[in-house]
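Here is the structure we will look at, set down as structure tokens.
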Amino acid sequence: MKAAWCLAVLGAGWLLVAAQTASRPLEHVQLFGREYVRLNDWARAYHFEVAWRGSRQELVLSNRWARLE
């Protein structure tokens, strides 16, 4: 019973991760040997809101579960 419960929890976690990934590839640019995507596009694909905060003009990305400053 314990193993079945663990498998159910792992399966639910996998479904959540799959649902949060981008549904279509993001447009990217290669510059100096590295690939970049637009921050706005990335934030939208992963359900983040973009906001500028404070007098120092800090960029903040946030959603229900996380906050990136």
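Here are a few things to note about the model shown:
- Scaled to the globular estimate 2.2 N^0.38 Å, the Cα spread of segment 25-69, given as radius of gyration, is 1.33.
- Phi-based couplings in Hz for segment 42-57 (Karplus 6.51, -1.76, 1.60; Gly and Pro marked x): 4, 4, 5, 4, 9, 6, 9, 9, 9, 8, 9, 10, x, 6, 7, 6
- Inter-probe distance in nm under a simple model that places probes 7 Å from Cα toward Cβ, at LEU39 and ALA51: 1.5 nm
Each reported figure results from applying straightforward, stated rules to the coordinates on display, with no laboratory input. The model shown is predicted, which means the values in this text are computed figures rather than measured ones. Counting neighbours? That spans all protein chains shown, and the Cβs are built from the backbone with ideal geometry, glycine included.
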